Amino acid sequence: MVEIGYHASHEQFPPSRLAAAAVAAETAGFDAVLSSDHFAPWSADQDESGYAWTWLGAAMARTRLPFGVVTAPGDRYHPAITAQAIATVEELFPGRFTPALGSGQALNEHVTGTVWPRKPARNARLAACADVIRRLLDGETVDRDEPVTVRAARLYTRPATPPPLFAAALSPETAREVAAWADGLITVNAPEDRLRAIIDAFREGGGEHKPLHLQVHLSWDADEEAAREQALRQWRFVALPPGLNQELELPEQFDAACAHVPVEALEPGVHIGADLDRHAAVLAAYAALGFSRLYLHQVGPDQERFIDAFGERVLPQLRAG
C-alpha cells in the first residue's frame, strides 16, 4: 500500500506553523513528512525560509512519523557537515529518517559566493559528496581532494544503523547517474511519460528494486477559482524549464521570469482543482507507476484545511484501493 506524506514547504510558511502542521498531519492519518531545505524562497511573495535541520529535530520530537529532507551537499553544506547532521537526526530518531541528496539550485547555493558549476560538474560533485557522507556514516576517517576537499574527517557520534541515502533527480539522465550510489530515488510530479522515463533510467542504472518516492505539487480549495488563483500566485515558477529553474539566483528573478505565465501552463506540474475525488485518482495513478511514498505539497496558504480534507476524503480512497 502506498504511503501518503505531507510536504513542509519552508519557503512559504514559518517553521512554527509547519511543526504544528506536521502534528496535524499525523493526527489526520498521513504516513510521513518531507521537509524542503532552502536558504531563500522562490518568490518575493512567499518571504520565508527557516533552517530545515533545526526544524527537523523539533518536528520529529513532536511526532512519531518518518521524515525525509531533500538537501544539497557540496557548497552551502560541506559533505562532512551534512553527514554530521544526518547522523545526529538518525541517532535521535532511529529508523525514522530518509535524507535525499541533490545537486542543488543557485537560488540557495549562490550565498557562498562560489562559481555555480554546470550540471555535469554538479552531478560529479554530488556523487563525491554521497561517497564522503556514506563513508563517514559507516565510521571511516575520510580524506579526499577532488571535487570536494575533506581532511581527516570522522564522525564521533553515529547512529547504530545509518539511514538510507536517497538521491533527488528531475531528469532521466540524472536518475541513471545517481542509481549507482543511491538507496532510493525521489523526484517530482511530471507527465506520465516523463516519470516512466525517469523510473526506467534509475532502474537501468542500478536502481532495480530500490524504493521510489514522489513529491506531488497540488492546489486544492473548495472553490475552483480560488484553487487556480493560489496555484498561479504561489507556484507559477513550476512552468519554467528545469535548467532555468536551477540557474536563477534571486526570488525577484523568478518573479520576473514568471510574470506572464498563465495558469494553464502549470498543469501537470501542479494538480489544480476543488474535486477531492479527482485528486485521489491522480495520486492513485502515481502509485500505480511504482512509487511507494507520495509527499503531498499543498501550494495554497490554508495548510490546515487541506490536511483535514485530504485526511478525511482522499487518504481513505487510496488505502481502500
Gyration tensor (Cα only) of the chain to equivalent ellipsoid, semi-axes in Å sorted down, yields 30, 22, 19
Computed magnitude of the charge dipole of the chain (debye, nearest 20; Cβ of K, R +1, Cβ of D, E -1): 1000
Relative contact order for region 232-283, counting Cα pairs under 8 Å that sit 6 or more residues apart, in percent: 43
Once the dipole of the chain is set up with Lys and Arg at +1 and Asp and Glu at -1 on Cβ about the Cα centre, which of 80, 169, 123 lies farthest towards its positive end? 80
Under 5 Å between amide H atoms, partner at least 5 residues away or on a different chain: which partners does residue 3 have, H built in plane at 1.01 Å? 293, 294
Hz values of 3J(HN,Hα) by residue in region 79-96 - Karplus curve (6.51, -1.76, 1.60), Gly and Pro given as x: x, 5, 6, 4, 4, 5, 5, 4, 4, 5, 4, 5, 5, 5, 10, x, x, 10
Please report, in debye to the nearest 20, how large the charge dipole of region 170-321 is about its Cα centre when each Lys and Arg carries +1 at its beta carbon and each Asp and Glu carries -1 there. 520
Leaving out ligands and nucleic acids, note down the accessible area per residue over region 236-321 with a 1.4 angstrom probe, in whole Å². 43
In region 194-316, taking the dipole from +1 charges on Lys and Arg beta carbons and -1 charges on Asp and Glu beta carbons about the Cα centre, the listed residue (262, 245, 294) farthest towards the positive end is 294
Near the amide H of residue 69, under 5 Å away, which other amide H atoms are found, from residues 5 or more places off or on another chain, if H is placed in the peptide plane? 35, 98, 100
Rounded, prolate or oblate, given the Cα gyration tensor of region 198-241, with a/c below 1.5 counting as rounded? prolate
Quick one: length gained pulling residue 200 to residue 225 fully straight, 0.36 nm per residue minus the C-alpha distance? 5.3 nm
First check a/c for region 1-78, with a ≥ b ≥ c the square roots of the eigenvalues of its C-alpha gyration tensor; if it is under 1.5, answer rounded, and if not, answer prolate when a/b is larger than b/c or oblate otherwise. prolate
Pick from 207, 57, 74 the residue whose mean-square fluctuation is largest in a GNM of the chain, springs joining Cα atoms under 10 Å. 57
Residue 61 and residue 312 label points (each 7 Å along its Cα→Cβ direction) are spaced in nm at 3.3
Distance in nm between label sites at residue 233 and residue 260, each 7 Å beyond Cα in the beta-carbon direction? 2.4
Given Cα pairs under 8 Å that are at least 6 residues apart, what percent is the relative contact order of the chain? 20
Expressed as a rounded percentage, what relative contact order does region 1-157 have, with Cα pairs under 8 Å and six or more residues apart? 19
Can you give the extra length, in nm with one decimal, that the chain gains between residue 114 and residue 276 once fully stretched, where that is 0.36 nm per residue apart less the Cα-Cα distance? 53.8 nm
State whether region 84-167 is rounded, prolate or oblate according to the following rule on the C-alpha gyration tensor (a ≥ b ≥ c being the square roots of its eigenvalues): a/c under 1.5 gives rounded; otherwise a/b larger than b/c gives prolate, and the remaining case gives oblate. prolate
In square nanometres and to one decimal, what's the mean projected area of the convex hull around the Cα atoms of region 179-321? 9.4
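The values are calculated or read from the model by the stated rules, or taken from the named source; none is laboratory data. Note that the coordinates shown come from a computational prediction; the quantities given were computed from them, not determined experimentally. A quick note on method: Cβ atoms are made from the backbone with ideal geometry, for glycine too, and the neighbour counts reach across all protein chains shown. Keep in mind that these areas ignore ligands, DNA and RNA; they rest on the heavy atoms of the full protein, side chains included. Shrake-Rupley method; radii C 1.70, N 1.55, O 1.52, S 1.80 Å.
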